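Presented below is the structure to which this report refers.
The values are calculated or read from the model by the stated rules, or taken from the named source; none is laboratory data. The structure presented is a predicted model; accordingly, all values stated were derived computationally and were not measured. Note: ideal-geometry Cβ built from the backbone for every residue, glycine included; neighbour counts use all protein chains shown.
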Amino acid sequence: MRKINTFFSDVSFSANQGINERKILFLGEIIMAETAEKNLSERFEAAFNRIHKALKQSVKNARTDKFHKLVDLGKSHSLVRSYEVDLFQFAKLRNAIVHEKIDLGYYIAEPHLETVEKIEKIADYFEKPKTAISVAAKPVFYFYEEGKLSDVLSVINSFSHSQFPIYNEKEEYSWLLTSAEIVKWMSEHFSEDTVSLKEVKIKELYNKKFKHQIAFAPADLDIFEIENMFEDHHAKNEKLEGIIVTEHGGYNEKPQGFITSWDLLEVDSFE
């Protein structure tokens, strides 16, 4: 009888142990699910805050730190324009997550994993935006004042470039020559029998009336600052013809790229 009782007692204990283990496993799955949901909400909040911080740093003269306002005011930036709809949707979801908490760490609204991954990716773009050199037109064909006009014409014929930084003998930027100015000069001088293009020096085309506004930027300057440079000139009713990108942003450095306002309009993809 002892053996029988012991046997049934062991069976009963084993059954109870199995039930308890399943309960523990089930509770563990619930806790893991709740933790995963909590992590999604926290990840979403963290990414949203990263974007908000970047907007506050990048949108000039905003006089507000409200997310919606910053997005509206920041639409002059290509990155903000690209994700404007997403940013407003994120703001709505963020309000639902934050303002409808019923307890510390407990959320009513939960973002989907896809949404969290998307906002984290966009936050990365805002924290590490494109640089000047990445959006600049390359290569830059520049010449020296003592150079030949015929060399410039060869580049125009081969590459269809229309803007050429001109440097002096001190290796310093001096002025910008454009294809329009070349055409004008040629129309005024081509009828002269004594003029030979092979003998014309670039400095002969310099005309104060066509002096262009040019700025310089280091290669690693972010696109927010580049766009602000154009905005600042526009606010002063000045046309910034372009930004010459050099290693450190110096006027006595060799140009690595050239940025116009048209280049910025084409920056619409951050994938």
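Residue by residue, here is whether (1) among the small types (Gly, Ala, Ser); (2) modelled with pLDDT under 95 holds:
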{"residue": "189", "(1), (2)": "no, yes"}
{"residue": "199", "(1), (2)": "no, yes"}
{"residue": "215", "(1), (2)": "yes, no"}
{"residue": "236", "(1), (2)": "no, yes"}
{"residue": "250", "(1), (2)": "yes, no"}
{"residue": "255", "(1), (2)": "no, no"}
{"residue": "267", "(1), (2)": "no, yes"}
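Tell me yes or no: at least one residue of the range 210-232 is part of a loop (DSSP other than H, G, I, E, B), loosely packed, with under 13 Cβ neighbours inside 10 Å, among the basic types (Lys, Arg) and more than 21 Å from the chain's Cα centre (by Cα). Within the range 210-232 (the criterion being part of a loop (DSSP other than H, G, I, E, B), loosely packed, with under 13 Cβ neighbours inside 10 Å, among the basic types (Lys, Arg) and more than 21 Å from the chain's Cα centre (by Cα)), the answer is yes, since at least one residue qualifies.
Does residue 241 satisfy the criteria of being under 18 Å from residue 140 (Cβ atoms) and surrounded by fewer than 21 Cβ atoms within 10 Å (Cβ to Cβ)?
Details: under 18 Å from residue 140 (Cβ atoms): yes; surrounded by fewer than 21 Cβ atoms within 10 Å (Cβ to Cβ): yes.
In short, yes.
Among the criteria (1) on the phi > 0 side of the Ramachandran plot; (2) within 29 Å of the chain's Cα centre (by Cα), the one residue 176 does not fulfil is (1).
Residues checked against (1) outside the structural domain of residue 60 (by TED's automatic domain parsing); (2) in contact with a strand residue (DSSP E or B) (Cβ under 9 Å, 6 or more places away or on another chain); (3) touching a residue at least 24 places away in the same chain (Cβ under 8 Å); (4) not small (Gly, Ala, Ser):
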| site | (1), (2), (3), (4) |
| --- | --- |
| 184 | yes, no, no, yes |
| 188 | yes, no, no, yes |
| 200 | yes, yes, yes, yes |
| 218 | yes, yes, yes, yes |
| 227 | yes, no, yes, yes |
| 232 | yes, yes, no, yes |
| 240 | yes, yes, yes, yes |
| 250 | yes, yes, yes, no |
